[in-house]
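Have a look at the structure below before the remarks.
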Amino acid sequence: MKEIRKDIDFFKTIAILSVILYHLFDLLKSNMLSSVTSFDGGFLGVDVFLLVSGFLICGSIVSKLNTNSFSLLEFYTRRVTRIYQPLLVFCAIILFIGYFILFPDAYKETGREVVNAVIATANFRFANSSGYFDLESLDKILLHTWYIAITIQFYLVCPIILVSLKKVFKSHFNLSILLLTALLLVTAFLCNKHGKGYLLTQCRIYEMFLGASIYLYKDCLLDFTKKLKLSQPIMHYVGVVLLIVSIFTVRINNNIWQVYTSFFTLASTAIVIIANYQKSLFNKKLFTIPGQMSYSLYLWHWPILVVAIKFGLSQSFIPLFVTSLIITAISVFSYTFIERKKYKKSVLLVVFVLCAIPNFVIKDNSYLKKFTFKNEVSLLGDSYDLEIYKSIDNYFIYKIPRKNEQINTFVIGDSHSGQYHNFFYYDYEKPIYYATIGGTMAYGSFFTDLEGKKGQIFFKLYSSMLEEMNDNSRVVLSNNWYFQYENQFLPLLNKNDTKDNLNEFITHLLSDLDSQIKKYEKLNFYIIGQNVYQPQSIKTCTAVDLSKTFLKNFIDLNKCYTFKNLIGEDVELINKALQDFANSKSNVHFIDRNDAIIADKKEKTFLSVDKDKRPIYLDKHHYTISGSKLVGRYVMNQIDKNN
């Protein structure tokens, strides 16, 4: 008779609630709707699931191997029914509802995600995109299926590995699994390059084989704890406390996950499994039911939270309570009528085909497509016939002439220079030299050395143009300064995001700027300040003219039209430093481009749409064509006033 482990069901309850709370508050925080950090370790709930799955699956297989009753076909049939029946129905419903409420690009992405979820490759797809902890995730309805993909992969290889090792090593079978687990752990460390292995099978599957090893050695481990005079109740409750402590204390820095991040959680889970204490106060139905239906809860909670955020979910009690009820009700229905029922294979095959079709049929077609604003990409592309003034290794300084006027303006920077090209090409009346090298900010020796070849090219183009410009010419420096801090300075120097490190970054930045500016006192330098970051939820709801859709009855459009800065005080700190630097130099001027889109200075809110309700932002920090014209006109008006 199959052993019922209520203690494991309770642990799964903790795990699923941790994951849901983590996702809830991370989504709220990413959209400036919450500052709660208590559940930042909730992602560790997945580690509990991985270890428990390995323990239970190994137990199921090994017990039958020992009685020569194991059937590979029977195992796969049972697992496919258990996993795919709810998954396929879930994917079909997501595709249907998504047609009406997802933006075109998001719906196209969802079609691809469905296929990857069904063929169990979702984890690799998401690992090669923005990853898991970079929650630009409101358009990734199936992001959470990465875990299901790893589980399916494990189910495919685990029985084959166990059967093979059982035949080869026989009496040393247990030891062979333990050595395999150790090998997989080493592999995880080797494959987790730059902390990007969170979603990768090769970095996570060791946890499932660790569960298998614990099953094989559980009796030995329990005997060992008895020799240490550790009772089962004490071990059980200590394990529970340690798990909860890990969830509330373990954190990741700079979105960089390390293999050892999960060790504390895995140890606490192992303790409870080894203790096997079935008289716990937590083994009552109230505590174990969520764990029993954890798969359905896991499947449905993420898309419901994503949609709830789109429709105005806040940290207030009533919206959170209603959302919780919806998640619970749908999950209970899924668990009762889909997960626990057995349907004909022909029905599942039809649903499978329906889920596979979107990858070939869906382009960007959805209900909202016809209401989407067109041609709003502002970054420099091939559609502009720009005259090349000079180049180094395919990086260019362009020349935009106006009749026979002499050019006395040079604009340079990263993509935050490039985003103004439409404005400069079509709308700005004066001639300019214009350069943009993405992800680069090499105005002096420090960042030139830090950024390698691109930095060296940037500095050569910059310094050579300073030599050529006539006296009283204007040099405009337009960068995403914060991006350089977050994506260059911190990772390349292996630093964490702290106030001290931001100040160190600013010190190096100002030193680099000063190194060239002080050489050219007869040139006028204009430093464009750091812009505010827009939340992803605002971007998605301004990309479409929702006032013409049925969604206007469910979404407060006024909340789409203004936003609060996503990166908080860091913008103010950077801009104040740049402003103070400019004030200390007679030939340097600072321009705060955020003044062009300020909505309420007191409330520190900013406009997300122009007067025609067209979006200002393309993503969280680049402007659309409309936005680049609005901000570009403001910036150049400020510069022209000084001349």
* For the chain, just the Cα atoms, rotate onto the principal axes and tell me the three extents in Å, largest first. => 92, 53, 44
* To do: For the range 233-302, count all C-alpha to C-alpha pairs, find those more than 15 Å apart, and express that count as a whole percent of the total.
  => 65 percent
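Quick one: net charge around Ala275, please, counting Lys, Arg +1 and Asp, Glu -1 for every other residue with C-beta under 12 Å from its C-beta.
Computed value for this residue: +3.
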* To do: For the range 530-643, just the Cα atoms, rotate onto the principal axes and tell me the three extents in Å, largest first.
  => 56, 28, 22
* Which order, highest average first, do 580-587, 113-120 follow once you tally other Cβ atoms within 10 Å for each residue and take the mean per peptide? -> 113-120, 580-587
* Structure fact -> Using the Kirkwood radius over Cα pairs of the range 297-338, the Stokes-Einstein translational diffusion coefficient at 25 °C and 0.890 mPa s, in µm²/s and rounded to a whole number, is 233 µm²/s
* How would you classify the range 261-301 from its alpha-carbon gyration tensor, with a ≥ b ≥ c the square roots of the eigenvalues: rounded for a/c under 1.5, else prolate if a/b is greater than b/c, otherwise oblate? -> oblate
* Return one number: the angle in degrees, 0 to 90 and rounded to the nearest 10, between the long axis of the Cα atoms of helix 6-30 and the longest principal axis of the Cα atoms of the chain. => 10 degrees
* Provide the FRET efficiency to the nearest 0.05 for the Leu281-Glu603 pair, computing r from the beta carbons and using R0 = 41 Å. => 0.25
* To do: Assign one of three labels to the range 40-100, namely rounded, prolate or oblate, based on the Cα gyration tensor with a ≥ b ≥ c the square roots of its eigenvalues; rounded applies when a/c is under 1.5, prolate when it is not and a/b is larger than b/c, and oblate otherwise.
  => oblate
* Which percent of Cα pairs goes in each bin when the distances of the range 262-343 are cut into 10 angstrom slices starting at zero? -> 15, 32, 31, 20, 2
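For n ≥ 4 DSSP H runs only, could you compute -39500 (n - 2.57) per run for the chain, divide by its residues and tell me the 222 nm figure to the nearest 500?
Estimated from H runs of four or more residues: -18000 deg cm²/dmol.
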* **Under 28 Å between alpha carbons - lysine pairs in the range 221-352 that sit 8 or more apart or on different chains** => 9
* Structure fact -> Sorted by chain and number, the residues with a modelled amide H under 5 Å from that of Tyr623, at a separation of 5 or more or across chains, are Leu618
* For the range 79-215, count all C-alpha to C-alpha pairs, find those more than 22 Å apart, and express that count as a whole percent of the total. => 47 percent
* Structure fact -> Packing-ranked peptide list from 207-214, 436-443, 567-574, 467-474, highest mean Cβ count within 10 angstrom first, is 207-214, 436-443, 567-574, 467-474
* Enumerate the lysines that Lys495 could reach by cross-link, defined here as Cα to Cα under 17 Å, with residues fewer than 8 away along the same chain left out. => Lys193, Lys196
* Measure nothing fancy, just the Cα-based angle from helix 145-169's long axis to the longest principal axis of the chain, in degrees from 0 to 90, nearest 10. => 50 degrees
* Structure fact -> For the chain, the longest principal axis of the Cα atoms and the Cα long axis of helix 294-310 enclose an angle in degrees, to the nearest 10, of 20 degrees
* **Over the range 591-641: Kirkwood hydrodynamic radius from C-alpha pairwise inverse distances, Å** => 11.3 Å
* **Residues whose placed amide H lies under 5 Å from that of Thr562, excluding near-sequence neighbours** => Ser608
* **Entries of Lys453/Lys629; Lys585/Lys641; Lys399/Lys602; Lys403/Lys519 with Cα pairs more than 29 Å apart** => Lys453/Lys629; Lys399/Lys602; Lys403/Lys519
* To do: Mind ranking 525-537, 318-330 by how tightly packed they are, going by the mean number of other C-beta atoms within 10 angstrom, highest first?
  => 525-537, 318-330
* Structure fact -> Rg (one decimal) and Dmax (whole number) from the Cα set of the range 139-266, in Å, equal 17.0, 53
* Rg (Å, one decimal) plus Dmax (Å, integer) for the alpha carbons of the range 152-225? -> 13.5, 40
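All other residues with a Cβ under 13 Å from the Cβ of Arg82 taken together, and with Lys, Arg as +1 and Asp, Glu as -1, what is their net charge?
Neighbour charge sum, excluding Arg82 itself: +3.
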* Span from the the range 441-504 Cα centroid across to the the range 281-319 one, whole angstrom -> 45 Å
* Asked: Of all trypsin sites (Lys or Arg not before Pro) in the range 491-533, which ones are in loop regions per DSSP and have a Cβ with at most 13 other Cβ atoms within 10 Å?
  -> Lys518, Lys519, Lys522
* Report the far tail of the P(r) of the range 427-586, meaning the percent of Cα-Cα pairs longer than 28 Å. => 35 percent
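Values in this text are rule-based calculations from the coordinates and carry no lab data. In this text, all values refer to a predicted model and were calculated from it rather than measured experimentally. Virtual Cβ from ideal backbone geometry, glycine too; neighbours counted across all protein chains shown.
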